[in-house]
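Asks: Structure in structure tokens, see below.
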Amino acid sequence: MTIPLFQVDAFTDRPFHGNPAAVCLLDRPRHDAWMQSVAAEMNLAETAFLTPRDDGHDLRWFTPTVEVDLCGHATLASAWVVFNELEKGRAEVTFRSQSGPLRVTADGDRLALDFPSRPPEPADARLAALARALGARPRAALASRDYLAVFGSEDEVRALKPDMAAVAALDRMAVIATAPGGDCDFVSRFFVPSMGIPEDPVTGSAHCTLVPYWAKRLGRASLFARQVSARGGELWCEDRGERVAIAGRCAKYLEGTIEVPA
């Protein structure tokens, strides 16, 4: 069976940067095990599966080892495929997902995700565990879906060398490390070894927690962020109360088909 596939680098305007996502265009729903096998074969942080429906598209995301409930960069990449390959000229799409309806709009060469806000709560009791896992003690610890470790400077975040086994053993899905940025409002890194991804290059879903935290701390809604992984990425964000806007650019890297059993 031949299935169309695109690989798109998200939160960047050039290949080899940002976060690569595979986008598989399905003609009908597939079994979970089948999608997991494709994602394992692609071996990217996430593979997105788009399935058409009468009123839009179903969207699901798989890492090489598990399905996830929300993924920013693969949603951005999927919208880019819709706007530039499937329905050229379209400027808005709403995907149905495990995290509810997810709307993406085009504004020039940026695409903006409309995602749920996940404000973090204090978790200072976890400071010691986070310090052991990250190899450096954060100034504050908070938690939402993930742990949020707050450092004093961008240099501290860039220098982190986590113990991935210790990170995976924590009782949250992932750890977000963040600090004020030198040429941006804040920087971050995202470690999620429990999902088969030691460090994710650029993570839209992490900004569901980062945006409300930094908006409150800095006293303004509009923010510019960098994820300072090896590949790096840029995100234009806005705190909208119960929702957050997370915008970025995309660059197509690959277009083709995969040959897989039905």
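Asks: Among the lysines, which have Cα under 29 Å from the Cα of LYS216 when same-chain residues fewer than 8 positions away are ignored?
Replies: Correct list for LYS216: LYS161.
Asks: What nm value, rounded to one decimal, do you get for the distance between GLU242 and ALA166 when each label is placed 7 Å out toward the C-beta?
Replies: Inter-label distance under the simple model: 4.0 nm.
Asks: Sticking with this structure for a sec: Report the label-to-label distance for ARG96 and LYS252 in nanometres (one decimal), using points 7 Å from each Cα along the Cα→Cβ vector.
Replies: With each label point 7 Å from Cα toward Cβ, the separation is 2.8 nm.
Asks: Using only Cα atoms, figure out Rg for the stretch 75-133 and give it as a multiple of 2.2 N^0.38 Å. List each step's numbers first, then the result.
Replies: On the way: Rg = 17.4 Å, N = 59, 2.2 N^0.38 = 10.4 Å.
Taking N as the residue count of the stretch 75-133, the ratio is 1.68.
Asks: While we're looking at this one, here's another question. Where in the stretch 132-169 does the label zone of THR65 land, with the point 7 angstrom along Cα→C-beta and an amide N cut-off under 14 Å?
Replies: Counting only backbone N, you get 164-169.
Asks: From largest to smallest, what semi-axes in whole angstrom does the stretch 179-262 give when each is the square root of 5 times an eigenvalue of its alpha carbon gyration tensor?
Replies: Square roots of five times the eigenvalues give 28, 15, 14 Å.
Asks: Let me ask something additional. Taking the highest mean first, how do the peptides 14-20, 74-80, 213-219, 254-260 order by number of other beta carbon atoms within 10 angstrom per residue?
Replies: Working: 14-20: 19.7, 74-80: 29.4, 213-219: 16.0, 254-260: 11.9.
Result, highest mean first: 74-80, 14-20, 213-219, 254-260.
Asks: What Kirkwood Rh does the stretch 121-241 have if only Cα atoms enter the pairwise 1/r average? Answer in Å.
Replies: One over the average 1/r among Cα pairs gives 14.0 Å for the stretch 121-241.
Asks: How many percent of Cα pairs in the stretch 1-98 exceed 22 Å?
Replies: Cα-Cα pairs of the stretch 1-98 separated by over 22 Å account for 21 percent.
Asks: Report the Cα centroid-to-centroid distance between the stretch 40-110 and the stretch 199-262 in angstrom, as an integer.
Replies: Value for the Cα centre distance between the two parts: 13 Å.
Asks: Compute and list, largest first, the equivalent-ellipsoid semi-axes of the chain from the alpha carbon gyration tensor, each √(5λ) rounded to a whole angstrom.
Replies: Ellipsoid half-lengths, sorted descending, are 30, 20, 16 Å.
Asks: Taking the alpha-carbon distance from LYS88 and a cut-off under 19 Å, which lysines remain once sequence neighbours fewer than 8 residues away in the same chain are dropped?
Replies: Filter leaves LYS252.
Asks: Next question, about the same structure. Place the peptides 128-134, 238-244 in order of packing, highest mean first, counting for every residue the other Cβ atoms within 10 Å and averaging per peptide.
Replies: Ranking, from highest mean packing down: 128-134, 238-244.
Asks: Next question. Among residues other than LEU142 whose Cβ falls under 12 Å from its Cβ, what is the net charge (Lys/Arg +1, Asp/Glu -1)?
Replies: +4
Asks: Principal axis lengths of the stretch 87-180 from Cα atoms, whole Å, largest first?
Replies: Over the stretch 87-180, Cα extents along the principal axes are 50, 28, 23 Å.
Asks: On to the next question. Tell me, rounded to the nearest percent, the portion of alpha carbon pairs in the stretch 1-52 spaced more than 17 Å apart.
Replies: Summing the P(r) of the stretch 1-52 above 17 Å gives 36 percent of all pairs.
Asks: Related question: Extension gain CYS184-ASP32, at 0.36 nm per residue separation less the Cα-Cα distance, in nm?
Replies: 50.8 nm
Asks: Residues in the stretch 209-229 near a label at ASP124, defined as backbone nitrogen under 12 Å from the 7 Å Cα→Cβ point?
Replies: none
Asks: Still on this structure: Among DSSP beta bridges whose residues both lie in the stretch 136-262, state the antiparallel percentage, nearest 5.
Replies: The antiparallel fraction comes to roughly 75 percent.
Asks: For a quick size check, give me the Cα extents of the stretch 53-209 along its three principal axes, largest first, whole Å.
Replies: 50, 34, 25
Bear in mind these aren't lab numbers, they're just calculated from the coordinates by the rules spelled out. Note that the structure is a prediction, hence the values are computed from the model and not measured. Positions of Cβ are generated from backbone atoms using ideal geometry, with glycine treated the same way; all protein chains shown enter the neighbour counts.
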